[in-house]
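K.L.:
Sharing a structure, written as structure tokens. Questions coming.
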Amino acid sequence: MTKTIINFSNVSKKYGKNEIISDLNFTVNEGEFVTVLGSSGSGKTTTLKMINGLEKPTSGKIIVDTHELDKCDLVELRRHIGYVVQSVGLFPHMTIADNIAVTPKLLGWDKEKIDRTVDQLLDLVSLKSEEYKNRYPGQLSGGQQQRVGLARALSTNPPLLILDEPFSALDAIIRQNLQQEIKALHQKLENKTFFFVTHDINEALYLGDRVMIMNHGKIEQFDKPEKIVANPATDYVKKLIATVRQNKKLWEEFK
Amino acid sequence: MLSEIIKYFQTSSGEYFTYLEQHLWLSFSALIISMIIALPIGYLGSRNKFVAAFCQTFSQLLRIIPSLALLFILIPFIGTGFIPALISLVVLALPPLIVNTILGFNEVPQTFSEVGLSLGMNQFQLLKQISFPLALPYILNGIKLALVEIIASATLATYIGAGGLGTLIFTGLGLYKMQYVVIGAVSVALLSLISMWLMDFLIRKAEKHDKNNY
């Protein structure tokens, strides 16, 4: 029996009269790697921010790991949800070690445990702890910063990670490396759920166990990547898949 | 002239240091009090548009009033001496402090607040660990402007009986003893300069690591 970790039922979100999300229903199971694909304005980031309560739904119910969001202590809940953003969001005035230790310190861990965790996590994201932990974010490259961002999200060993276009500001080679690494990481860390928002269709299909395609605040299709490619459910999805084929044709012309 | 200045320090250095001490005491009390008032207001102003608009209007209004006028305006109500001088200096220092505090908090990128909240900080922890340290260079800049303004205006406070280095200047002018004027004026200028350097040093220190990420 698989456990549900995220459950949206009849969720909608309005800014004034502008409806961003309309009647969203989906569930994510524990241990899944779900990617959310959509263009800007599709509501994918808003959906992600509703998972940790940064945005509140106008109506509907959200359950995360048995907690009903409008009834639970958000501060406490957020300490057990890893969060990674596109702009990395490492605090520039803190060292790498301090950045990773933010949530452990909030939880009152002792110093020894924090030091050990920082070393382990930097090792996990392939950065040499001795070399990097006392540096400041400004001294690291974009790819290294995003590795630290990932390490920070894992600091309290949360069951759920939400990632908002974490790799889209990086150049192609580093992005591909990190994609491979995060996929390997997800397999290595058992029973961790990743909710990964992206606008890159290749990234979405490559990483996701299931891919949620969003457009204008609605889910167009939410299925396994191979099924989406084989049976696109709507015109929008067909168009998306067609862009990939188009690109492929371009490459073949160059050969 | 130089010999007269040296003679003054030989005979009345005690008097000089009393004036200096009065001047510093008045200036720093005014700075501390205005900071206690301005920093919370500035923080509120960064979170509430109504407070911000009110502060902007208040600051612009205060800039029109010359510091001398502000010093005199209190005399009918609370007389002369240290307290009225202190009050007017505090009022003078508020605008640069409030405006720069609001600016500082507003300049903290939204992402950092969101990430801070997402990592499980409550509002107070967010302020203490993220917003305040990142806003600090701007706040220090406000403190610098306020301090320079206070030190200069404290010279005029002599007029309402608060003592300080202004006493030397006005005594010198009255008795036509230019060495007094020079000693007083140069001391005030030096105080301003030193406090500016000191604040600039602190600002550089505070923003050392911030640069690359903005």
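K.L.:
Tell me, please, whether a residue that is in contact (Cβ under 8 Å) with a residue 40 or more places away in the chain, within 20 Å of the chain's Cα centre (by Cα), closer than 19 Å to A:Asn157 by Cα and more than 10 Å from every other protein chain (Cβ to nearest Cβ) can be found in segment A:73-87.
P.N.:
Kept after step one, since they are in contact (Cβ under 8 Å) with a residue 40 or more places away in the chain, are these residues of segment A:73-87: A:79-87.
With within 20 Å of the chain's Cα centre (by Cα) added as a condition, the list becomes A:79-87.
Then drop every residue that is not closer than 19 Å to A:Asn157 by Cα, which leaves A:79-85.
From what is left, the residues that are more than 10 Å from every other protein chain (Cβ to nearest Cβ) are none.
Within segment A:73-87, not a single residue is in contact (Cβ under 8 Å) with a residue 40 or more places away in the chain, within 20 Å of the chain's Cα centre (by Cα), closer than 19 Å to A:Asn157 by Cα and more than 10 Å from every other protein chain (Cβ to nearest Cβ).
K.L.:
Run B:Leu140 past the list (1) under 30 Å from A:Lys49 (Cβ atoms); (2) within 14 Å of another protein chain (Cβ to nearest Cβ); (3) among the hydrophobic types (A, V, I, L, M, F, W, C); (4) within 21 Å of the chain's Cα centre (by Cα) and report the number of the one that doesn't hold.
P.N.:
Of the numbered conditions (1) under 30 Å from A:Lys49 (Cβ atoms); (2) within 14 Å of another protein chain (Cβ to nearest Cβ); (3) among the hydrophobic types (A, V, I, L, M, F, W, C); (4) within 21 Å of the chain's Cα centre (by Cα), the odd one out for B:Leu140 is (1).
K.L.:
Does segment A:88-108 include one or more residues that are more than 10 Å from every other protein chain (Cβ to nearest Cβ) and either more than 21 Å from B:Thr111 (Cα to Cα) or modelled with pLDDT under 90 (or both)?
P.N.:
Yes, because at least one residue in segment A:88-108 is more than 10 Å from every other protein chain (Cβ to nearest Cβ) and either more than 21 Å from B:Thr111 (Cα to Cα) or modelled with pLDDT under 90 (or both).
K.L.:
Further, regarding this structure: Within segment A:47-70, does at least one residue satisfy the condition of being within 19 Å of A:Gln221 (Cβ to Cβ) and either buried (at least 18 other Cβ atoms within 10 Å of the Cβ) or in the same structural domain as A:Arg210 (by TED's automatic domain parsing) (or both)? Explain how you work it out, then say what you get.
P.N.:
We begin by selecting, within segment A:47-70, every residue within 19 Å of A:Gln221 (Cβ to Cβ); these are A:47-48.
Now narrow it down to the ones that are either buried (at least 18 other Cβ atoms within 10 Å of the Cβ) or in the same structural domain as A:Arg210 (by TED's automatic domain parsing) (or both): A:47-48.
Yes.
K.L.:
Ok, one more. Can you tell me how many residues within segment A:156-174 are more than 14 Å from the chain's Cα centre (by Cα) and over 15 Å from A:Ser126 (Cα atoms)? Lay out the reasoning, then the answer.
P.N.:
Narrowing segment A:156-174 to residues more than 14 Å from the chain's Cα centre (by Cα): A:156-157, A:169-174.
If we keep only those that are over 15 Å from A:Ser126 (Cα atoms) too, we end up with A:156-157, A:169-173.
So the count comes out to 7.
K.L.:
Out of the residues in segment A:134-143 that are part of a helix (DSSP H, G or I) and within 13 Å of another protein chain (Cβ to nearest Cβ), which is farthest from the chain's Cα centre (by Cα)?
P.N.:
Within segment A:134-143, the first condition is being part of a helix (DSSP H, G or I), and the residues that meet it are A:137-139, A:142-143.
Filter once more, so that each one left must be within 13 Å of another protein chain (Cβ to nearest Cβ): A:137-139, A:142.
On the way: A:Pro137: 21, A:Gly138: 23, A:Gln139: 25, A:Gly142: 17 Å.
Checked segment A:134-143; the qualifying residue farthest from the chain's Cα centre (by Cα) is A:Gln139.
K.L.:
Exactly one condition in (1) more than 14 Å from chain A (Cβ to nearest Cβ); (2) buried (at least 18 other Cβ atoms within 10 Å of the Cβ); (3) more than 26 Å from B:Ser29 (Cα to Cα) is false for B:Leu175; which is it?
P.N.:
(2)
K.L.:
I've got another one for you. Within segment A:177-191, identify whether any single residue is touching a residue at least 40 places away in the same chain (Cβ under 8 Å), in contact with a Ser or Thr (Cβ under 7 Å, 6 or more places away or on another chain) and within 25 Å of A:Thr4 (Cα to Cα), and answer yes or no.
P.N.:
no
This table checks each residue for (1) in the same structural domain as A:Gly43 (by TED's automatic domain parsing); (2) farther than 26 Å from A:Glu30 by Cβ; (3) modelled with pLDDT of 90 or more.
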| position | (1), (2), (3) |
| --- | --- |
| A:Gly142 | no, yes, no |
| A:Gln146 | no, no, no |
| A:Leu150 | no, no, no |
| A:Pro166 | yes, no, no |
| A:Asp171 | yes, yes, no |
| A:Arg175 | yes, yes, no |
| A:Gln180 | yes, no, yes |
| A:Leu185 | yes, no, no |
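K.L.:
Is one or more of the residues making up segment A:69-91 in contact with a Pro (Cβ under 6 Å, 6 or more places away or on another chain), in a loop (DSSP other than H, G, I, E, B) and either over 15 Å from A:Phe196 (Cα atoms) or among the aliphatic types (A, V, I, L, M) (or both)?
P.N.:
The answer is yes; a qualifying residue exists.
Conditions (1) in a helix (DSSP H, G or I); (2) of a type outside the set (Phe, Trp, Tyr); (3) in contact (Cβ under 8 Å) with a residue 60 or more places away in the chain; (4) within 14 Å of chain A (Cβ to nearest Cβ), marked per residue:
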| residue | (1), (2), (3), (4) |
| --- | --- |
| B:Phe132 | yes, no, no, yes |
| B:Ala146 | yes, yes, yes, no |
| B:Ala157 | yes, yes, yes, no |
| B:Gly164 | no, yes, yes, no |
| B:Thr167 | yes, yes, yes, no |
| B:Val188 | yes, yes, yes, no |
| B:Leu198 | yes, yes, no, no |
| B:Lys205 | yes, yes, no, yes |
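K.L.:
Tell me yes or no: at least one residue of segment B:102-111 is free of Cβ contacts under 8 Å to residues at least 24 places away in the same chain, out of contact with any Gly (no Cβ under 6 Å at 6 or more places or on another chain) and farther than 18 Å from B:Leu156 by Cβ.
P.N.:
Our first condition is that a residue be free of Cβ contacts under 8 Å to residues at least 24 places away in the same chain; within segment B:102-111, this holds for B:110-111.
With out of contact with any Gly (no Cβ under 6 Å at 6 or more places or on another chain) added as a condition, the list becomes B:110.
Applying the additional criterion that residues be farther than 18 Å from B:Leu156 by Cβ yields B:110.
Among the residues of segment B:102-111, at least one is free of Cβ contacts under 8 Å to residues at least 24 places away in the same chain, out of contact with any Gly (no Cβ under 6 Å at 6 or more places or on another chain) and farther than 18 Å from B:Leu156 by Cβ, which makes the answer yes.
K.L.:
Which of (1) over 25 Å from A:Lys128 (Cα atoms); (2) within 14 Å of another protein chain (Cβ to nearest Cβ); (3) in a strand (DSSP E or B) does A:Leu24 not meet, given it meets every other one?
P.N.:
Tallying (1) over 25 Å from A:Lys128 (Cα atoms); (2) within 14 Å of another protein chain (Cβ to nearest Cβ); (3) in a strand (DSSP E or B), A:Leu24 fails exactly one: (2).
K.L.:
For segment A:232-251, indicate whether the set of residues that are surrounded by 19 or more Cβ atoms within 10 Å (Cβ to Cβ), out of contact with any Pro (no Cβ under 7 Å at 6 or more places or on another chain) and within 18 Å of A:Glu32 (Cα to Cα) is non-empty.
P.N.:
Among the residues of segment A:232-251, not one is surrounded by 19 or more Cβ atoms within 10 Å (Cβ to Cβ), out of contact with any Pro (no Cβ under 7 Å at 6 or more places or on another chain) and within 18 Å of A:Glu32 (Cα to Cα), which makes the answer no.
K.L.:
Another one. For the list (1) in contact with a Gly (Cβ under 6 Å, 6 or more places away or on another chain); (2) away from chain A (no Cβ under 14 Å), I need the number of the one condition that B:Val182 fails.
P.N.:
(1)
K.L.:
If I ask for residues that are over 17 Å from A:Val75 (Cβ atoms) and of a type in the set (A, V, I, L, M, F, W, C), which ones from segment A:98-117 would you list? Full working, then the answer.
P.N.:
Looking only at segment A:98-117, we keep the residues that are over 17 Å from A:Val75 (Cβ atoms), and these are A:98-101, A:110-117.
Once the filter is applied, which keeps residues that are over 17 Å from A:Val75 (Cβ atoms) and of a type in the set (A, V, I, L, M, F, W, C), segment A:98-117 yields A:Ile100, A:Ala101, A:Ile114.
K.L.:
Can you name every one of the helices (runs of 4 or more DSSP H) wholly within segment B:73-125 that holds 1 or more residues which are more than 14 Å from chain A (Cβ to nearest Cβ)?
P.N.:
Details: elements: B:75-78, B:82-107, B:110-118.
Helices (runs of 4 or more DSSP H) meeting the threshold: B:75-78, B:82-107.
K.L.:
Just need a number here: residues in segment A:34-44 that are surrounded by fewer than 22 Cβ atoms within 10 Å (Cβ to Cβ) and either among the polar types (S, T, N, Q) or outside the structural domain of A:His186 (by TED's automatic domain parsing) (or both).
P.N.:
The total comes to 2.
K.L.:
For the condition out of contact with any Pro (no Cβ under 9 Å at 6 or more places or on another chain) and either among the small types (Gly, Ala, Ser) or buried (at least 19 other Cβ atoms within 10 Å of the Cβ) (or both), what is the one hit in A:Leu161, A:Leu178, A:Leu124, A:Leu150?
P.N.:
Numbers: A:Leu178 fails: out of contact with any Pro (no Cβ under 9 Å at 6 or more places or on another chain); A:Leu124 fails: either among the small types (Gly, Ala, Ser) or buried (at least 19 other Cβ atoms within 10 Å of the Cβ) (or both); A:Leu150 fails: out of contact with any Pro (no Cβ under 9 Å at 6 or more places or on another chain).
None of the others qualify; the one that does is A:Leu161.
The values are calculated or read from the model by the stated rules, or taken from the named source; none is laboratory data. Note that the structure is a prediction, hence the values are computed from the model and not measured. Positions of Cβ are generated from backbone atoms using ideal geometry, with glycine treated the same way; all protein chains shown enter the neighbour counts.
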